[in-house]
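Written below as structure tokens is the structure these notes are about.
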Amino acid sequence: MLTVSVEPHASPAIGSGFPSEPVIGRLLVDPKVQRIPSPKLAMFIRKEFLEPELCVSIIAKIDATRRPSTVSDYNGDDLFRTSETCDLAYDDPDVVEIDRRIGVLTGLDNMFGEPMQGQRYAVGQEFKAHTDYFEPSGVDFAKYCTVSGQRTWTVMIYLNQPDAGGATRFKAIDKIVQPETGKLVAWNNLRPDGRVNPSTLHHGMKVRAGTKYVITKWFRERHWPR
């Protein structure tokens, strides 16, 4: 097993997402937030988080600079993740506004957040069942986690609704989330004790008609270097 010299929970800080209780409490303040009832993971949905006009603006930015998506800990399956990815500029006014709204909704401090990413899925493209945390025994763990620690929370927002397909399936809790324009989905990648949570396994299912666009924001245990 790969070991690193940095204690993953040496300095937990308010706004990092660990421990998770303050984030959960903050999310539930919004009456439009729905908590998915499951003892296996903390997961929340908030519809109409972004207005359609803002979604259209971000979609244009994704189309302008997209590239093939990559994976950590390559498993030999070249078709494991077939989408395209865009790194959105942290100082772009639309990105700044979305980061602000995520902070207000969740209480998560953007100092702990990775740069926002956009993803584009054309017909037939998918991201097979995976977790967003970095596997502690994986060969890339030290590369991705030594500085900022493990991923705590994922915040994903659908920018549009494809004509068919493109749902996100959480198999462990038998939950399928359908894409809707502006819908936010947030979940905690860790158990309450800080260990990674395999029940967050999720599958970005194939788009059958049209194109799917999402943005994703991941938060870490420690500050993300700027």
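Taken together, the values in this text are just the output of simple stated rules run on the coordinates, not laboratory data. Note that this is a predicted model, so its numbers are computed, not measured. Don't worry about glycine lacking a Cβ; one is built from the backbone with ideal geometry, like all the others, and counts go over all protein chains shown.
Computed from the C-beta positions of Q34 and A129 and an R0 of 35 Å, the FRET efficiency is 0.90 to the nearest 0.05.
Could you order peptides 32-38, 217-223, 169-175, 113-119 by the average number of other Cβ atoms within 10 Å of their residues, highest first?
On the way: 32-38: 13.3, 217-223: 22.9, 169-175: 15.6, 113-119: 20.3.
The packing order, highest mean first, is 217-223, 113-119, 169-175, 32-38.
For region 21-220, the ratio of Cα radius of gyration to the globular rule of thumb 2.2 N^0.38 Å stands at 0.96.
Tell me whether region 19-109 comes out rounded, prolate or oblate; compute the Cα gyration tensor, take square roots of the eigenvalues as a ≥ b ≥ c, and use a/c under 1.5 as the rounded threshold. It comes out oblate by the Cα gyration axes.
Extending 7 Å from Cα along the Cβ direction at E53 and again at R26 yields two label points whose distance is 2.7 nm. Rank E126, E48, E84 by mean-square fluctuation in a GNM of the chain with C-alpha springs under 10 angstrom and give only the top-ranked residue. Answer for the Gaussian network model of the chain: E48.
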